[in-house]
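The values are calculated or read from the model by the stated rules, or taken from the named source; none is laboratory data. These numbers come from a predicted model, not from an experiment. Glycine gets a Cβ as well: all are built from the backbone with ideal geometry, and neighbour counts include every protein chain shown.
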Amino acid sequence: MIIEKLLHSQGAWLAGDAGHGAVISTRVRLARNLADTPFPGWAQEPVRQAVWDRVHPVVAALDGMQDAFLLAMNALDEVDKRVLCERHLISLELAERADGCGVVARRDETVSVMINEEDHLRLQTIRPGNALPAAWRELDALDSELGRQLPYAFSARLGYLTACPSNVGTGLRASAMLHLPGLTLMNEMEPIVRGLGKIGLTVRGVAGEGTEACGNLFQVSNQMTLGEREQGIVKRLDRIVTEIEDHESNARARLLEKRERIVYDYVGRAYGVLRHAEVLSSKEALYLLSGLRLGLELGVVDKLDLMVLNQLMLLMQPGHLQRVAGKRLAPEERDELRAETVRRRLRGAALLR
Amino acid sequence: MQCEHCGEREACVEVTRVVNGSATKLQLCEQCAKEQGISVSGPIALSDVLLGFGAKQEPSVQDSAGLACPRCGMKQDDFRRTGRLGCPACYEAFEAELKSLLEAMHRGLRHVGKRPVRESAPTATEYAVPALRKELDAAVAAEDFEEAARVRDLIQDAEIERRGDDDH
């Protein structure tokens, strides 16, 4: 029922039109654990269950979480879990777990708290566009409130103690999802990725762990969590993201100046294939939707709402396709349904060239 | 940068190797990394990179693999295998091995951020400054001036914060 409702809403990180330009969405998460309690991956099942029983009512009663929904992993099927992953409400790691694991999320999907993922608690806020400081302030308040009610595992020296030493200290991971077709087409991503690595930031493809970027989408996040204040981590990433945004508009301007034909060819092909294809893999669709987004932002694609494009980014994914179809689909069937979904949604769009 | 193993090909992965509590960084090319049993293409398990690589082959002087956390029973071997700790107390139990790991992963070895509300007994500043001064003395004595400068900055931050607090 809840999942059904989600399908008809936009998804926090793609809502509104704040996400135009290079920054699609920004996200901040905190890893927290209960004192004197084994971490979820090492805990016996009854312990995990006890953590779940203790924590979920506290989370659900937090300020701003009154209208939240609660989903236990053992009550969901594979497709539902996938839908939640695609909406960034849960992680793949949580999806693979069952008893004593779940999520409490606000109905507008801007806040979610995973229980018994790698850590007892993973709190996240996600916002469309470039809004790291605001996302952090909101998460900070939520965490302080939770810390009043639950005894966190904390050491004066090492900070918040987490299952993986890579998160210890602040437990903070801030990230931005960036759409960078200009820099990619100008072949300028590689030095940027290398440079970011040198200052302790990680760049990944949109699908997460794998390194390959898809659809010109990149996720930039901090790697270090110990030895720096939360505000420092957020500010530094925020500054870098703004810088990359500037580089991207700069690259687009240079592209139009020097390689105009290549840009419009990319946009035109994207438009043509998306409007008429009968079969679309998710990778191809993501790549072409990136071209269409670029066209929209350059003003050569008309009669298309950015919201429709954002919605397609969700609806074209395997979980969403299967949930809408109401049944499991083989990959080839998904590719057909994906093409059909895209064609239908782009019916009115026009190319101004 | 050239691969530090074969010295021929371009390095594409940085591997942090922890042996007996000390971390070294190596730049490797794809082929040498593969030969060392590190998968370059797939997602790399943290434990492979940080702990597993090469560590097993080397005779360890004080074998700590049998060490266990008194609280949750996790053995150091379990941690090496999974890359995840068993419980909050593991941080103390495996302190020696974790130190170099944390050094390789993070900006510093001391938490300087937020504290839970329940931990409010000494304020962050009251707690931090005397402890930081001791660390500063130790760093100077050890002639680790980089660390000393970092700790000095932390003390200055803390003092500015304290003065700010007094104003309210």
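Table: residues versus (1) basic (Lys, Arg); (2) in contact with a Cys (Cβ under 8 Å, 6 or more places away or on another chain); (3) assigned to a loop (DSSP other than H, G, I, E, B).
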site	(1), (2), (3)
A:GLY272	no, no, no
A:ARG275	yes, no, no
A:LEU288	no, no, no
A:MET313	no, no, no
A:VAL324	no, no, no
A:LEU329	no, no, yes
A:ASP335	no, no, no
A:ARG338	yes, no, no
A:ARG343	yes, no, no
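Search segment A:194-205 for residues being part of a helix (DSSP H, G or I) and surrounded by 13 or more Cβ atoms within 10 Å (Cβ to Cβ), and hand back the single one that is modelled with the highest pLDDT.
Filtering segment A:194-205 for residues that are part of a helix (DSSP H, G or I) and surrounded by 13 or more Cβ atoms within 10 Å (Cβ to Cβ), the one modelled with the highest pLDDT comes out as A:LEU196.
Could you check how many residues of segment A:34-93 are within 14 Å of chain B (Cβ to nearest Cβ), outside any helix (DSSP H, G or I) and among the charged types (D, E, K, R)?
Qualifying residue count for the region: 1.
If a residue has to be under 22 Å from A:GLU230 (Cβ atoms) and charged (D, E, K, R) to count, how many in segment A:95-152 make the cut?
Looking only at that region, the number is 12.
Give me a count of the residues in segment A:48-66 that are of a type outside the set (Val, Ile, Thr) and under 21 Å from A:ASP140 (Cβ atoms).
7
Given the condition modelled with pLDDT under 70 and surrounded by 14 or more Cβ atoms within 10 Å (Cβ to Cβ), answer yes or no: does some residue in segment B:70-80 qualify?
Among the residues of segment B:70-80, not one is modelled with pLDDT under 70 and surrounded by 14 or more Cβ atoms within 10 Å (Cβ to Cβ), which makes the answer no.
What residue, among those in segment A:216-246 that are buried (at least 16 other Cβ atoms within 10 Å of the Cβ) and among the hydroxyl-bearing types (Ser, Thr, Tyr), is farthest from the other protein chains (Cβ to nearest Cβ)?
Filtering first and then ranking leaves A:SER221.
Considering only residues that are part of a loop (DSSP other than H, G, I, E, B) and aliphatic (A, V, I, L, M), look in segment A:9-33 and name the one that is modelled with the highest pLDDT.
Here the answer is A:ALA22.
Answer with yes or no whether A:GLU190 is within 14 Å of chain B (Cβ to nearest Cβ), under 28 Å from B:ALA89 (Cα atoms) and not β-branched (Val, Ile, Thr).
Taking the combined requirement at face value, the residue does not satisfy it.
Given (1) surrounded by 21 or more Cβ atoms within 10 Å (Cβ to Cβ); (2) of a type in the set (Gly, Ala, Ser); (3) more than 9 Å from chain B (Cβ to nearest Cβ), where does A:GLY129 come up short, assuming only one miss?
Against the list (1) surrounded by 21 or more Cβ atoms within 10 Å (Cβ to Cβ); (2) of a type in the set (Gly, Ala, Ser); (3) more than 9 Å from chain B (Cβ to nearest Cβ), A:GLY129 comes up short only on (1).
Just one of A:VAL79, A:VAL59 is closer than 25 Å to A:THR341 by Cα, of a type outside the set (Asp, Glu) and modelled with pLDDT of 95 or more; which is it?
Within the list A:VAL79, A:VAL59, the selection yields A:VAL79.
Would you please name the residue that is farthest from the chain's Cα centre (by Cα), looking only at residues in segment A:180-193 that are farther than 21 Å from A:ASP238 by Cβ, assigned to a helix (DSSP H, G or I) and free of Cβ contacts under 8 Å to residues at least 60 places away in the same chain?
Taking the candidates together, the pick is A:PRO191.
Say whether the condition of being part of a loop (DSSP other than H, G, I, E, B), at pLDDT 95 or above, touching a Lys or Arg at 6+ places or on another chain (Cβ under 8 Å) and under 16 Å from A:ALA35 (Cβ atoms) is met by at least one residue in segment B:90-105.
Within segment B:90-105, none of the residues are part of a loop (DSSP other than H, G, I, E, B), at pLDDT 95 or above, touching a Lys or Arg at 6+ places or on another chain (Cβ under 8 Å) and under 16 Å from A:ALA35 (Cβ atoms).
Going residue by residue through segment A:247-264, is there one that turns out to be within 14 Å of another protein chain (Cβ to nearest Cβ) and in a helix (DSSP H, G or I)?
There is no residue in segment A:247-264 that is within 14 Å of another protein chain (Cβ to nearest Cβ) and in a helix (DSSP H, G or I).
Taking only pairs six or more apart or across chains, which ones have beta-carbon atoms under 7 Å, a first residue in segment A:248-272 that is closer than 13 Å to A:LEU298 by Cα, and a second residue that is among the charged types (D, E, K, R)?
Listed pairs, sorted by first residue: A:ALA251/A:GLU188; A:TYR264/A:ARG353; A:GLY268/A:ARG353.
Could you tell me which residue of segment A:156-187 is nearest to the other protein chains (Cβ to nearest Cβ), considering only residues that are more than 22 Å from A:ARG27 (Cα to Cα) and buried (at least 17 other Cβ atoms within 10 Å of the Cβ)?
Selected residue: A:LEU158.
How many of the residues in segment A:94-118 are farther than 24 Å from A:LEU14 by Cβ and not in a strand (DSSP E or B)?
8
Quick one: would you say A:LEU161 is more than 17 Å from A:HIS56 (Cβ to Cβ) and among the hydrophobic types (A, V, I, L, M, F, W, C)?
Taking the combined requirement at face value, the residue satisfies it.
Tell me yes or no: at least one residue of segment A:300-308 is under 23 Å from A:ASP265 (Cβ atoms), crowded, with 21+ Cβ neighbours inside 10 Å and among the aliphatic types (A, V, I, L, M).
Yes: segment A:300-308 contains one or more residues that are under 23 Å from A:ASP265 (Cβ atoms), crowded, with 21+ Cβ neighbours inside 10 Å and among the aliphatic types (A, V, I, L, M).
Could you tell me which of the residues A:ARG137, A:ARG97 is surrounded by fewer than 24 Cβ atoms within 10 Å (Cβ to Cβ), within 14 Å of chain B (Cβ to nearest Cβ), modelled with pLDDT of 95 or more and out of contact with any strand residue (DSSP E or B) (no Cβ under 8 Å at 6 or more places or on another chain)?
Answer to the check: A:ARG137.
Given the conditions (1) touching a strand residue (DSSP E or B) at 6+ places or on another chain (Cβ under 7 Å); (2) assigned to a loop (DSSP other than H, G, I, E, B), and given that A:MET224 satisfies all but one, which numbered condition is not satisfied?
Only one criterion is unmet by A:MET224, namely (1).
Of the numbered conditions (1) touching a residue at least 40 places away in the same chain (Cβ under 8 Å); (2) over 28 Å from A:LEU256 (Cα atoms); (3) more than 21 Å from the chain's Cα centre (by Cα), A:PRO318 satisfies every one except a single condition; which is it?
(3)
If only one of A:MET65, A:MET73 is closer than 17 Å to A:VAL104 by Cα and touching a Cys at 6+ places or on another chain (Cβ under 9 Å), which one is it?
Residue meeting the stated conditions: A:MET73.
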